[in-house]
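Down below is the structure, laid out as structure tokens.
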Amino acid sequence: MTGLFIGSHLSTSGGWSGLLERSHDEGGTAFAFFPRSPYGKRSKSLAPEGAGEFGLRLREESYGPIVVHAPYVYNLAGKDPAKRAFAIAALEEDLRLLAPIREAGQETYLNIHPGSHVGQGADTGLRLISEGLNRVFDTLGDVPDAGRVPILLETMAGKGTECGRDFGELAAIIDGVDDKSQVGVTFDTCHVFDAGYDLLGDYEGVMRELDGTVGLDLVRAIHVNDSLFGLGSHKDRHANIGEGELGIPFFTTLVNDPRMARLPMILETKEPTATTHRDEITLLRGLTR
Ligand SMILES: [Zn+2]
């Protein structure tokens, strides 16, 4: 097996070149970042003009897929039509910002939290998400195929009224999307365990269920996080690798599973020291056989 594509969620201060520098510092071969501020304001540091050059650099350095993370404020399943319209417009803008990176030959995804139905019921929430995604993809008709950045739906822990709390809900969203070439799934190890899938006791069973619902071919990225709380706790609290309930035996299984190990792995763990992520990357690479 070749090396893992791995890295952490990086700050965008310093723009495109700042991202590259931080990734080099941690010894990464993939990474994530927010395309705008956590509250949805457009980023000043990520100028659209630099995106193509950034893609070329990543390509030259043989990076794995980049897994950009949409801000948490987007809610395609929201009750308020204005909130849904904001999410749709912001996603369109983000996908346009990222298009030149993919056009330069660098595979890039935009990961989103599917949304929260805020009391409207899961079925309504799932339908609104599919409809919102269709609207987003419809507005991108002028973007060339090479620049079409797929949206990945993240597996959620099932906190509050989150949609995507099990694989079936993600499959239902995808089912309602017209252009399935534009969607995939991000497998968050903490969230999946937190949602009640026994990654420790029955890893193969979870993989079978994933394949039978979403389909393993649609899983495009991994958020690699340990979990502070136990199976099915629905708390969504990440722990540093090896310091949570999942632990090293689970991560050993993960990085040696050829179905998963080829995907970009993004750390979303805390950084108590300046070298935490570098150390975690080294740790995970060291677990491969
Ligand atoms: Zn996330």
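The values are calculated or read from the model by the stated rules, or taken from the named source; none is laboratory data. These figures come from a predicted structure and were not determined experimentally. No Cβ is skipped: glycine too gets one built from the backbone with ideal geometry, and neighbour counts run over all protein chains shown.
A few points about this structure:
- Residues in segment 16-29 that are surrounded by 14 or more Cβ atoms within 10 Å (Cβ to Cβ), in contact with a Phe, Trp or Tyr (Cβ under 9 Å, 6 or more places away or on another chain) and more than 16 Å from Thr269 (Cα to Cα): Trp16, Leu19, Leu20, Thr29.
- Cβ pairs under 8 Å, 6+ apart, first in segment 48-77 and among the aromatic types (Phe, Trp, Tyr), second at pLDDT below 95 and outside any helix (DSSP H, G or I): Tyr72/Pro38; Tyr74/Gly40
- Listed by position, the helices (runs of 4 or more DSSP H) contained in segment 132-240 that have at least 3 residues being touching a Pro at 6+ places or on another chain (Cβ under 9 Å) are 167-175.
- Condition met for Asp138 (within 12 Å of Leu218 (Cβ to Cβ), over 16 Å from the mean Cα position of the chain (by Cα) and of a type outside the set (Phe, Trp, Tyr)): no
- Counted residues, segment 66-103 - those being within 16 Å of the ligand (Cβ to nearest atom), crowded, with 20+ Cβ neighbours inside 10 Å and in a loop (DSSP other than H, G, I, E, B): 5
- Verdict on Thr108 being at pLDDT 95 or above and touching a His at 6+ places or on another chain (Cβ under 8 Å): no
The rows are residues; the columns are (1) among the β-branched types (Val, Ile, Thr); (2) buried (at least 22 other Cβ atoms within 10 Å of the Cβ); (3) in contact with a strand residue (DSSP E or B) (Cβ under 8 Å, 6 or more places away or on another chain).
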| site | (1), (2), (3) |
| --- | --- |
| Cys163 | no, yes, yes |
| Phe193 | no, yes, yes |
| Val206 | yes, no, no |
| Val214 | yes, yes, yes |
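- Complete set of residues in segment 104-148 that are within 16 Å of the ligand (Cβ to nearest atom) and not hydroxyl-bearing (Ser, Thr, Tyr): Leu110, Asn111, Ile112, His113, Pro114, Gly115, Ile129
- Search result, residues across segment 49-65 that are within 25 Å of Val224 (Cβ to Cβ) and in a helix (DSSP H, G or I): Phe54, Gly55, Arg57, Leu58, Arg59
- Failed condition for Glu154, given (1) among the acidic types (Asp, Glu); (2) free of Cβ contacts under 8 Å to residues at least 60 places away in the same chain; (3) under 22 Å from Phe86 (Cβ atoms); (4) buried (at least 20 other Cβ atoms within 10 Å of the Cβ): (2)
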